[in-house]
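Structure record follows, encoded as structure tokens.
The values are calculated or read from the model by the stated rules, or taken from the named source; none is laboratory data. Predicted model only: the values in this text are computed from it and were never measured. A quick note on method: Cβ atoms are made from the backbone with ideal geometry, for glycine too, and the neighbour counts reach across all protein chains shown. Protein only, heavy atoms only, side chains kept; ligands, DNA and RNA dropped before computing areas. Shrake-Rupley method; radii C 1.70, N 1.55, O 1.52, S 1.80 Å.
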Amino acid sequence: MKGFRFELLTQDSGSQARRGRMTTRRGVVETPVFMPVGTQGTVKAILPEDLKAEGAQIILANTYHLFLRPGHERIQRLGGLHSFMHWTGPILTDSGGFQVFSLGKLCKISEDGVRFQSHLDGSRQVLTPEVSIAVQEALGADIIMVFDECIPYPSSREYVADSTALSQRWALRSKNARSRRDGAALFGIVQGGMYPDLRRQSAEALVEIGFDGYALGGLSVGEEAEHMYEMMDIALPLLPQQCPRYVMGVGTPENLIEGIARGVDMFDCVMPTRNARNGTLFTSFGKISIKQARYADDNGPVDPACGCYVCRNYSRAYLRHLYQSNEILASMLNTRHNLHYYLDLMRQARLAIEQGRFGAFRADFHRRRHDDGSQD
């Protein structure tokens, strides 16, 4: 399937929630959608077949990590990332900007790009907009991202203004660096920190350049949720209605529902998989920490309202036993449950928008979590 397009199918009457459909060269993605994170060419502790069984439509991989190991040229020689990792659906690749940001003192930013030391072996490396795009094209991603700087929080207005302007110049260079017209989509990334006018400026500049889709970056980096939602409220209405909108690295189930209400179409976050490996499970009534002693004799499922493979077949007591015993199966089962929860939450949200009842769905979601509370 060649080409990329986005159709806005319907919009909620009481909010900005949207129901859409992305067509990529490797399949259709129904939105709103959550993308499991497969940073190094794998979503940790789950098979691709099980990802599909739980409803995953598209996954994310990371340019920075695959650039360093095993190398994008090697992956290209071996048939591209889809073949390499045995995933036939669409893949979105992060440009590497966030990972470079996380290196802190190990990197140096200039107009040209970023010079940094590999976290693997200390070797000196360079990422520029042109290199980032070349790597993503070599991987064979279906949606690729412009190279940008992820702005830390908090940051001074002067720093944010300079960084946002730099990211805008890098965005144009990223677009000009495209060497192939193979149907892959290129998304711009809105920056601007927590400054409303800089967010507006960034969004307007990117729309003027023109991209297939638009993302909000620099969120979920330590700010309060209210600040995150404020930036969504400011930037999202400035983006084209006919293009998909992606909030990067977000987040909790509450963040997802509130993002959808503001018009977000796409999300990704390591939270469901990372929390799974740490023994924290998401449920319709909040989170539970399966390592707690209260579950040692609990023969019930993680979530009685959940129909996933794990809840149908395994008890809380068994999952606690696996975790306490440091068994690999604990990470596998916990991950499958958490991803099912996130993916099914998106399915329910899509259905609610289609049926014109997203407002009631949103209210019920918050009520159940407030009434029952987290069992951390």
Can you find, within the range 92-122, the residue that is surrounded by the fewest Cβ atoms within 10 Å (Cβ to Cβ) among those that are touching a Leu at 6+ places or on another chain (Cβ under 7 Å) and in contact (Cβ under 8 Å) with a residue 60 or more places away in the chain?
ASP94
Selected residue (criterion: farthest from PRO253 (Cα to Cα)) from residues of the range 311-334 that are in contact with an Asp or Glu (Cβ under 9 Å, 6 or more places away or on another chain) and of a type outside the set (Gly, Ala, Ser):
HIS321
Do you know which residues across the range 53-72 are assigned to a helix (DSSP H, G or I) and within 19 Å of GLN348 (Cβ to Cβ)?
ALA53
Do we find a residue being more than 30 Å from GLN241 (Cβ to Cβ), hydrophobic (A, V, I, L, M, F, W, C) and over 23 Å from the mean Cα position of the chain (by Cα) anywhere in the range 329-339?
yes
Any idea which of SER220, SER284 is surrounded by fewer than 21 Cβ atoms within 10 Å (Cβ to Cβ), over 19 Å from ASP344 (Cβ atoms), touching a residue at least 24 places away in the same chain (Cβ under 8 Å) and of a type outside the set (Val, Ile, Thr)?
SER220
Here is a list: GLU208, GLU226, GLU230. Which entry is acidic (Asp, Glu), within 27 Å of ARG21 (Cβ to Cβ), open to solvent by 20 Å² or more (accessible area, probe 1.4 Å) and not in a loop (DSSP other than H, G, I, E, B)?
GLU208
Which pairs have Cβ atoms under 8 Å, sit 6 or more apart or on different chains, and link a residue in the range 225-239 that is farther than 15 Å from PHE267 by Cα to one that is of a type in the set (Phe, Trp, Tyr) and outside any helix (DSSP H, G or I)?
LEU239/TYR214
Scanning the range 137-161 residue by residue, those open to solvent by less than 10 Å² (accessible area, probe 1.4 Å) and over 20 Å from GLY96 (Cβ atoms) turn out to be VAL160
